[in-house]
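The values are calculated or read from the model by the stated rules, or taken from the named source; none is laboratory data. This one's a predicted model, so the numbers in the text were calculated from it and none came from an experiment. Methodologically, a virtual Cβ is constructed for each residue, glycine included, from the backbone with ideal geometry; neighbour enumeration extends over all protein chains shown. All accessible areas refer to the heavy atoms of the entire protein, side chains included, with ligands and DNA or RNA removed. Shrake-Rupley method; radii C 1.70, N 1.55, O 1.52, S 1.80 Å.
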Amino acid sequence: MEEKGKISVVINTYNAEKHLKVIVEAVKDFDEVLVCDMESTDSTLAIAREMGCRIVTFPKNGVSIVEPAREFAIHEAANEWVLVVDADEIVTPQLKDYLYRRIKEADCPDGIAIPRKNYFMGRFMHSCYPDYILRFFRKEVTHWPPVIHTSPVVEGRVERIPKTHKELAFEHLANDSVADILRKNNTYSDYEVVRRRHKRYGIGALIGKPLFRFFKSYFLKGGCLDGIPGLIHAKLDSMYQFTIVSKLMEERRK
């Protein structure tokens, strides 16, 4: 039976030893810390046991996306409220206090989207903030579709923490290199091809989508405030859009 008025932290892991200790240390004062592991081969499980986490396993079995494991994990949690944290995200003490205070209030929503601070080349990226992610919700009204990069579906009211409250944002410890981003863009664009297969992109999209993405990232979202890293990141964003449209056009020609 789930505990009312309490919060479970769910951390999905696969070979997540790099940051796991500091991630768990930041959430140790929540009512439950549940690690859902996809058969890690490094020291992830040893760290989770050492830190006193409850552990469940979601068999990898060739699964290349985390979303099915997220759906499994949130319903394994013991408490009414669930906070999903990636194994490279820090929960600030201010965010913890805010969530516990919010669930006691009469107008508390069923889900809360939380801003996230992202970094590149060692710099906080204005162009990637607030990067809202829906990670806090009542378990019984939530499910997570098995599609890459989808958000959970909450049957109820969802609100966002105002982006001005940067002290409440997740701290994203990932500091991807250019090579990391290029590799991820190649992988994620394959999934986007599947999702956008019904689209009929032409030369206009091939030119316009990358240009608009660069303009949005560099000018509208403040990448111009981030120096050379901001310029590089905006170009990589643009390249991602170019890659998606190119792959769709290639597939259609085949």
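What distance in nm separates the two pseudo spin-label positions at Asp180 and Ser43, each 7 Å out from Cα along the beta-carbon direction?
Placing both labels 7 Å beyond Cα along the Cβ direction yields 2.0 nm.
Check which residues have an amide H placed less than 5 Å from Thr13's amide H, if you skip close sequence neighbours.
Amide H to amide H, under 5 Å and 5 or more residues apart or across chains, Thr13 pairs with Cys36, Asp37, Met38.
Take the alpha carbon gyration tensor of the range 84-206, find the square roots of its eigenvalues, order them as a ≥ b ≥ c, and report rounded if a/c is under 1.5; if not, report prolate when a/b exceeds b/c, else oblate.
oblate
So, with a 1.4 angstrom probe, what is the percent of accessible area on the range 8-74 that is carbon and sulfur?
In the range 8-74, the share of accessible area belonging to carbon and sulfur is 50 percent.
Classify the range 148-254 from the C-alpha gyration tensor, please: rounded if a/c falls under 1.5, else prolate or oblate depending on whether a/b exceeds b/c.
Verdict is oblate for the range 148-254.
Add -39500 (n - 2.57) for each DSSP H run of 4 or more in the chain, then divide by its residues: what number comes out at 222 nm, to the nearest 500 deg cm²/dmol?
-11500 deg cm²/dmol
Which ³J(HN,Hα) values in Hz, rounded to whole numbers, follow from the phi angles of the range 92-107 under the Karplus curve 6.51 cos²θ - 1.76 cosθ + 1.60, where θ = phi - 60° and Gly and Pro get x?
Each residue of the range 92-107 in turn: 6, x, 5, 5, 4, 4, 4, 5, 5, 5, 5, 5, 8, 8, 5, 9 Hz.
Solvent-accessible area of Lys96, probe 1.4 Å, all protein chains present, reported in Å² to the nearest ten, please.
40 Å²
Which net charge results when you count Lys and Arg as +1 and Asp and Glu as -1 among the other residues whose beta-carbon is under 13 Å from that of Cys36?
Once all neighbours under 13 Å are counted, the net charge is -4.
Rounded if a/c is under 1.5, else prolate if a/b is larger than b/c, else oblate: which is the range 1-127, with a ≥ b ≥ c the root eigenvalues of its Cα gyration tensor?
Verdict is oblate for the range 1-127.
Along its three principal axes, how long is the range 59-150 when you only count alpha carbons? Whole Å, largest extent first please.
Cα spread of the range 59-150 along its principal axes, largest to smallest: 43, 37, 18 Å.
Provide the net charge surrounding Phe214, with neighbours chosen by a C-beta distance below 14 Å and charges set as Lys +1, Arg +1, Asp -1, Glu -1.
+3
Pop out the ³J(HN,Hα) list for the range 244-254 in order, Karplus 6.51 cos²θ - 1.76 cosθ + 1.60 with θ = phi - 60°, rounded to Hz; leave Gly and Pro as x.
Result, ordered by residue: 4, 5, 4, 5, 5, 5, 4, 4, 5, 5, 6 Hz.
Under a 5 Å amide H to amide H cut-off, with H placed in plane at 1.01 Å, what residues pair with Asn79 once short-range neighbours are removed?
Glu3, Ser8
Long-range amide H contacts for Ala113: which residues qualify at under 5 Å (H placed 1.01 Å from N, peptide plane, sequence gap of 5 or more or a different chain)?
Glu159, Arg160, Ile161
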